[in-house]
Amino acid sequence: MLSGRPLRRYWSLSRPLRLFLLGLLAFSLMPRPGQTAPPTIAPLPPVQPGSDFLGLVNAYEIGDLATTAGARWERVLFFWNTIQPDRPDQWEPNGPISDAQIEAERRRGLRLVGLIGNPPAWATRNGSVPKNLDRPLDDPENYWARFVERLVRQYAGRIDDWIIWNEPDVDPEYPWSTWGGREDEYYQLLKVAWQAARRANPQARIIFAGTTYWVDVLERRKLFLERVLEVATWLDPAGREKGFYFDAVALHLYGSVEQFYTVPRAYREVLERYGLKKPIWIVEANAVPWDDPEARVPRGGFRATLEEQAAFVIQAVALARAAGVERLAIYKARDGLIQNGEPYGLVRNDGSLRPAFRAFQVAAAYLSLPGTVTYRREGAVDWVTITQPTRRVHVLWTMQPAPASAALRPVGARLWRLWKDGQRERLALPTDRLDLTVTLPPATANTDDHDPNRYIIGGDPVILVEEGIGEALVGNGVLYYPVTGFAIRGDFLEYFQRRGGLRTFGYPLSRPFRLLGTD
């Protein structure tokens, strides 16, 4: 059943070892000696993000702090067994979030995405798969169609995006599994939801369930998305005209930052093989802090320190942007019920903030901006650049356990360095050379229990912001074009201006700098 609980990288272990670790769970949940109270962290000033890219799961649980963080959307849960617990003619209030809370979130400017799950026993054939999915859409006993149509109609214009189920790729043998059906049954579930939702609200969008990716990879089988599309192509070839009845694909990713670039691309390749082009959303993302006072888990298991968790937020957002992900949400806003000793909130239950909260603010302010995004790995350096007409933002880090260096050739009129906690410093543009060299702190998060030489999160990211891209600055007989980083002066400057400037010559291809060892 749907609990909202994310699937951790417990799945990276073999089945016997997973069962053995379940036996050790009680021991791992014991409090650790020597824990100290965390430092008090204040939020940065409210962030006005440049896009709807970043969200928070259950943002309503932290009120105005969500918009202070820069969140623009949130995923909320709708439990079918709460709304219709005993029979189809019931319609009780939704348990996880009330209508009053929904209206409060909309007033804050947050866009809501509903996740539908947790079917009531009376409406299923086996506790998870709804009965009568193959009956006509208008049939009163097609309980799933009736429920989705009424729910979507009730919230039309307030909630238009609906995720269908949670992690159906998790096998039924595990306690947090939510789906005990076949791939063809999930396709029918999706199709009926799309048809019923569109009838209730033509603006409704249906999102393919958030899946874990790693469950299928570690079981050495095709991704659940591909298996469903494979069945749909065979059973319902006409469904291709409707995009196989979904409008976007959701993902859940935890732990390693590198997967925020590689996994969305893998899903996009699956879609392309079936002639589909759909947005990809990462609707759950985080790394568990093992050293938090609220944690009851040891180091390891793809977990992070509080500072590494903050670095994770910056790096995951940067790589997701580079991978072309349309939206990303951190799981979650507030701890709430802490399961298995793993706290996930950016905000603790007592209202105190974790360092990842401020990192989220930095990501919202600087990394969610529209623009052209590139990613490259040069030696030991990972480098993401977001380019806008007048600004470039660079995010650099190393995945290696030793410091690394990177050279940036500035092309802006002003250059700032930012830290993940929002501190910033203006840097002087180099006058004795073309490049600015920065040192990147080493990675420390080697918490993959199977490979201690692997680092799942990079060292502290260095964020460089260039402003004034494209402006021409005149001073002391020099015309400087930050868009290319080059300048002209002296006799050629006079000739350049007299003969039409940029319209005739284009941008200059050199800029003034001192030769090393000269004045």
**Fill in**
The strands (runs of 3 or more DSSP E) lying wholly within the stretch 238-355 that contain at least 2 residues that are over 20 Å from Leu65 (Cβ atoms) are 248-254, 280-286
**Fill in**
Filter the stretch 94-146 for residues that are among the aliphatic types (A, V, I, L, M) and in a helix (DSSP H, G or I); the one that is surrounded by the fewest Cβ atoms within 10 Å (Cβ to Cβ) is Ala100
**Message:** If I ask for residues that are closer than 19 Å to Glu308 by Cβ and surrounded by fewer than 22 Cβ atoms within 10 Å (Cβ to Cβ), which ones from the stretch 321-337 would you list?
**Reply:** Asp335
**Asked** Does the stretch 240-261 hold any residues that are in contact with a strand residue (DSSP E or B) (Cβ under 8 Å, 6 or more places away or on another chain) and among the aliphatic types (A, V, I, L, M), and which are they?
**Response** Ala248, Val249, Ala250, Leu251, Leu253
**All positions within the stretch 55-90 that are part of a strand (DSSP E or B), within 18 Å of Ala363 (Cβ to Cβ) and hydrophobic (A, V, I, L, M, F, W, C)** = Leu56, Trp73
**Asked** Are any of the residues in the stretch 77-92 surrounded by fewer than 16 Cβ atoms within 10 Å (Cβ to Cβ), of a type in the set (A, V, I, L, M, F, W, C) and touching a residue at least 40 places away in the same chain (Cβ under 8 Å)?
**Response** yes
**Prompt:** Quick one: would you say Gly379 is outside the structural domain of Phe246 (by TED's automatic domain parsing), surrounded by fewer than 18 Cβ atoms within 10 Å (Cβ to Cβ) and small (Gly, Ala, Ser)?
**Reply:** yes
**Prompt:** Would a scan of the stretch 416-432 turn up a residue that is of a type in the set (Asp, Glu), within 23 Å of Gly470 (Cα to Cα), not in a loop (DSSP other than H, G, I, E, B) and not assigned by TED's automatic domain parsing to the domain that holds Ala66?
**Reply:** yes
**Item:** Residue check for Asp138: over 27 Å from Asp52 (Cβ atoms) and free of Cβ contacts under 8 Å to residues at least 12 places away in the same chain
**Value:** yes
**Message:** With the requirement that a residue be in contact with a Gly (Cβ under 8 Å, 6 or more places away or on another chain) and of a type in the set (Val, Ile, Thr), what does the stretch 165-179 give you?
**Reply:** Thr178
**Fill in**
Of the residues in the stretch 356-385 that are among the aliphatic types (A, V, I, L, M), part of a loop (DSSP other than H, G, I, E, B) and out of contact with any helix residue (DSSP H, G or I) (no Cβ under 7 Å at 6 or more places or on another chain), the one that is nearest to Ala406 (Cα to Cα) is Ala380
**Request:** May I ask you to say which residue of Glu149, Glu141, Glu173 is in the same structural domain as Phe78 (by TED's automatic domain parsing), closer than 29 Å to Ala100 by Cβ and out of contact with any Phe, Trp or Tyr (no Cβ under 8 Å at 6 or more places or on another chain)?
**Result:** Glu149
**Prompt:** Among the residues of the stretch 387-402, how many are closer than 12 Å to Leu319 by Cβ and not in a loop (DSSP other than H, G, I, E, B)?
**Reply:** 2
**Prompt:** Does the stretch 158-174 contain at least one residue that is free of Cβ contacts under 8 Å to residues at least 60 places away in the same chain and in a helix (DSSP H, G or I)?
**Reply:** no
**Prompt:** What number of residues within the stretch 184-215 satisfy the criterion of being surrounded by fewer than 20 Cβ atoms within 10 Å (Cβ to Cβ), out of contact with any strand residue (DSSP E or B) (no Cβ under 6 Å at 6 or more places or on another chain), without any contact (Cβ under 8 Å) to a residue 60 or more places away in the chain and not in a loop (DSSP other than H, G, I, E, B)?
**Reply:** 4
**Prompt:** Taking the stretch 148-178 on its own, how many of its residues are among the hydrophobic types (A, V, I, L, M, F, W, C), touching a helix residue (DSSP H, G or I) at 6+ places or on another chain (Cβ under 7 Å) and farther than 21 Å from Lys242 by Cβ?
**Reply:** 1
**Message:** Restricting to the stretch 39-62, and then to whatever is of a type outside the set (A, V, I, L, M) and surrounded by fewer than 16 Cβ atoms within 10 Å (Cβ to Cβ), can you tell me which residue is modelled with the lowest pLDDT?
**Reply:** Pro39
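The values are calculated or read from the model by the stated rules, or taken from the named source; none is laboratory data. Remember, it's a predicted structure, so these values are computed and weren't measured experimentally. All Cβ positions, even for glycine, are placed from backbone atoms using ideal geometry, and neighbour counts span all protein chains on display.
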